[in-house]
Ligand code: LP5
Ligand code: MN
């Protein structure tokens with residue numbers, strides 16, 4: 001009995017080493033498990049489900065094969081791939097979940113999320129997030145040809161990298177009070193998220209009870225997987241294969 005959680009793979013055609021590690025993970029380790037949860041930033045950037053490049057086809061096929069084999073796969077949007085939509089879900093069999101979802105993880109109610117909504121001190125980001133999550137703005141964006149969307153996406157990526165250089169590490173991390181607030185609101189004592197790329201297990205107190213916050217790692221230098229069984233959860237890494 002195993003449930004796996006991954007996030008922040010930032011898959012792109014430019015990083016065949018990450019892609020190879022991910023495809024191996026999907027065809028070997030993820031087979032036969034109880035469920036796979038992807039907590040956002042699966043892709044470096046997603047500009048619409050109509051982007052049908054061979055690279056995207058390859059990733060979608062890996063999900064389709066896994067869901068066809070009987071493994072339920074779930075996805076929560078990240079800040080890079082919040083435009084993944086129904087068509088992706090239909091093509092892959094991956095079920096899209098709301099941004100804050102409580103799952104029963106072997107009898108422990110667990111709140112799962114990407115993690116960006118917890119970074120409340122990053123006011124610039126939260127303002128930006130509200131705009132790009134606006135349904136009307138998204139509708140307008142989707143009316144643009146794919147090549148324009150790609151150019152806008154690239155501009156946003158470089159704008160983001162530039163503004164991030166001026167932000168402190170604490171602004172870009174989760175806000176501790178917000179974590180407590182959100183866990184209390186959902187009545188959970190366990191939370192799993194990604195986004196900050198700071199894999200760790202934090203203990204904290206929520207409503208005078210011991211709680212834990214598990215942070216998933218990114219896939220820049222190696223694969224990163226949270227392995228959960230009825231006995232508990234463990235953060236593990238997976239080596240990239242020599243190319
Ligand atoms: O992603 P990362 O790690 O660099 O930083 C994130 C936050 N940044 C983002 C922006 C994404 O990187 C861009 C993704 C593009 C998606 C595809 C296009 C979709 C278009 C949709 C239109 C409906 O998420 C960053 C956080 C950081 O995490 C840590 O939490 O701080 O937040 C920002 O950088 C936000 C800035 O403060 C403001 C945004 C600058 C965007 C520049 C605008 C350029 C406009 C050009 C468009 C014509
Ligand atoms: Mn992210």
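The values are calculated or read from the model by the stated rules, or taken from the named source; none is laboratory data. Keep in mind it's a predicted model, so treat the numbers as computed, not measured. Note that each Cβ is placed from the backbone with ideal geometry, even for glycine, and that neighbours are counted across all protein chains shown.
Annotations for the structure displayed:
- Residue match in region 8-19 (condition: closer than 16 Å to residue 64 by Cα, within 16 Å of ligand 2 (Cβ to nearest atom) and in contact (Cβ under 8 Å) with a residue 12 or more places away in the chain): no
- Applying a threshold of 7 Å to beta carbon distances and a minimum spacing of six or more residues, or different chains, the list of pairs starting in region 69-81 at a residue that is farther than 9 Å from residue 94 by Cβ and within 13 Å of ligand 2 (Cβ to nearest atom) and ending at one that is in a strand (DSSP E or B) and modelled with pLDDT of 95 or more reads 76/101; 76/112; 76/113; 80/43; 81/43.
- Scope region 92-122; condition in a helix (DSSP H, G or I) and more than 16 Å from ligand 2 (Cβ to nearest atom); matching residues: 92
- Which numbered condition residue 224 fails, given (1) within 17 Å of the chain's Cα centre (by Cα); (2) crowded, with 16+ Cβ neighbours inside 10 Å; (3) part of a loop (DSSP other than H, G, I, E, B): (3)
- Across region 82-91, the qualifying residues are those that are touching a helix residue (DSSP H, G or I) at 6+ places or on another chain (Cβ under 8 Å) and assigned to a loop (DSSP other than H, G, I, E, B), and the one among them that is nearest to ligand 2 (Cβ to nearest atom) is 82.
- Answer residue from region 184-201, given it is outside any loop (DSSP other than H, G, I, E, B) and more than 16 Å from residue 39 (Cβ to Cβ) and is farthest from ligand 2 (Cβ to nearest atom) among those: 184
- Pairs meeting the criteria (first residue in region 177-206 and in contact (Cβ under 8 Å) with a residue 24 or more places away in the chain and under 17 Å from residue 116 (Cβ atoms), second residue more than 16 Å from ligand 1 (Cβ to nearest atom) and not in a strand (DSSP E or B), beta carbons under 6 Å, at least 6 apart or on different chains) are 191/183.
- Residue ID - nearest to ligand 1 (Cβ to nearest atom), chosen from residues in region 118-145 that are in contact (Cβ under 8 Å) with a residue 60 or more places away in the chain and closer than 21 Å to residue 197 by Cβ: 119
- Screening 204, 235, 216 for residues that are touching a strand residue (DSSP E or B) at 6+ places or on another chain (Cβ under 7 Å) and within 16 Å of ligand 1 (Cβ to nearest atom) leaves exactly one candidate, 216.
- Taken over region 146-168, residues that are in contact (Cβ under 8 Å) with a residue 40 or more places away in the chain, away from ligand 2 (no atom under 16 Å from the Cβ) and not in a helix (DSSP H, G or I) amount to 0.
- Yes/no for residue 32 being more than 20 Å from residue 148 (Cα to Cα), surrounded by fewer than 20 Cβ atoms within 10 Å (Cβ to Cβ) and more than 15 Å from the chain's Cα centre (by Cα): yes
- Pair list, Cβ < 6 Å and 6+ apart or interchain, from region 48-68 residues that are at pLDDT 95 or above to residues that are assigned to a loop (DSSP other than H, G, I, E, B) and surrounded by fewer than 16 Cβ atoms within 10 Å (Cβ to Cβ): 55/13
- Scope region 128-153; condition over 20 Å from residue 117 (Cα atoms) and within 20 Å of the chain's Cα centre (by Cα); matching residues: 153
- Inside region 76-104, residues that are in contact with a strand residue (DSSP E or B) (Cβ under 6 Å, 6 or more places away or on another chain) and more than 16 Å from ligand 1 (Cβ to nearest atom) make up a count of 9.
- Residues that are under 27 Å from residue 103 (Cβ atoms) and either at pLDDT below 95 or within 16 Å of ligand 1 (Cβ to nearest atom) (or both) within region 1-28 comprise 7, 8, 9, 10, 11, 18, listed in sequence order.
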